[in-house]
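One structure is given below, encoded as structure tokens.
The values are calculated or read from the model by the stated rules, or taken from the named source; none is laboratory data. Every value quoted in this text rests on a predicted model; they were computed, and no experiment measured them. Ideal geometry is used to build each Cβ from the backbone, glycine not excepted, and the neighbour counts take in all protein chains shown. Accessible surface is based on the protein model in full, side chains and every heavy atom, while ligands, DNA and RNA are left aside. Shrake-Rupley method; radii C 1.70, N 1.55, O 1.52, S 1.80 Å.
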Amino acid sequence: MAEDAQQQSSIGTKGSMVASVPPSAAPNPSSVSSPKAVPAPPDPNENRRVSKPLGTANGSAFSLKKIVEEKKEAAPEEEILRNDLPRNPYTLEDVQNFWNKFLEKLKVENNIPSYNALATTTIHLKKDNIIVLEFISASSESEYEIYKNRIMNGLRNAIKNFYFTIEIAFSQSEAKSHILTSKEKFDAFVQKNPTILKLKEEFGLDLYE
């Protein structure tokens, strides 16, 4: 019986060891890690580029067109020439001969649109060493601006005079040209510059359309 009591005592001890949990093994609420906070999505309005054009103090938008127009209105710088350059007298025929040769070069270079725009130019001479180029449209003036330096330098060497001034004018007939027929316009161009008729014949162009 003593042995039975010893076994029961031993079993009871083992049972108490299994049933009891030491305090250190119990979960500590302070040691349990809390879930990490999820970062908030970025604000779409933060660091957002300005979608509207920058404006001045009065709220008007930046205008590139205005800058270009102001640049056009600015007075061009005058070219300063030495006093020892050629200053020979010249005639309208001298200037016209240079102009015709210049037009022929444009045709040889296959610059036909430029040729067509400038071939209708009428040339006049005025006092004070002024050469007037009379255009029939704004497109003619635009083509002239493209070749301006080439024309100036070539004309200086052709007439042996570096001190003339070129003045731009527009034909008075431009205002009524819209009521003319295509053939009437062509005939008027031929009267001003016969080379147009030669161009029509060489290239077989239908200039009435």
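Points to keep in mind about this one:
- On inspection, Glu93 fails the criterion of being under 23 Å from Lys198 (Cα atoms), of a type in the set (Asp, Glu) and within 31 Å of the chain's Cα centre (by Cα).
- The condition (being under 29 Å from the mean Cα position of the chain (by Cα) and at positive phi) is satisfied by just one residue among Asn110, Asn129: Asn110.
- Any chance Glu77 is under 25 Å from Asp187 (Cβ atoms), at pLDDT below 95 and open to solvent by 40 Å² or more (accessible area, probe 1.4 Å): no
- The numbered conditions (1) open to solvent by 60 Å² or more (accessible area, probe 1.4 Å); (2) touching a helix residue (DSSP H, G or I) at 6+ places or on another chain (Cβ under 8 Å); (3) modelled with pLDDT of 95 or more are all true for Ser139 except (3).
- Taken over region 88-123, the criterion of being β-branched (Val, Ile, Thr) and open to solvent by 50 Å² or more (accessible area, probe 1.4 Å) is satisfied by Thr91, Val108.
- Taking first residues from region 136-159 that are free of Cβ contacts under 8 Å to residues at least 40 places away in the same chain and partners that are in a helix (DSSP H, G or I) and open to solvent by 60 Å² or more (accessible area, probe 1.4 Å), the Cβ contacts under 8 Å between residues at least 6 apart in sequence or on separate chains come to Ser137/Glu174; Glu143/Pro113.
- The residues of region 117-148 that are touching a His at 6+ places or on another chain (Cβ under 8 Å) and among the charged types (D, E, K, R) amount to a single one, Glu134.
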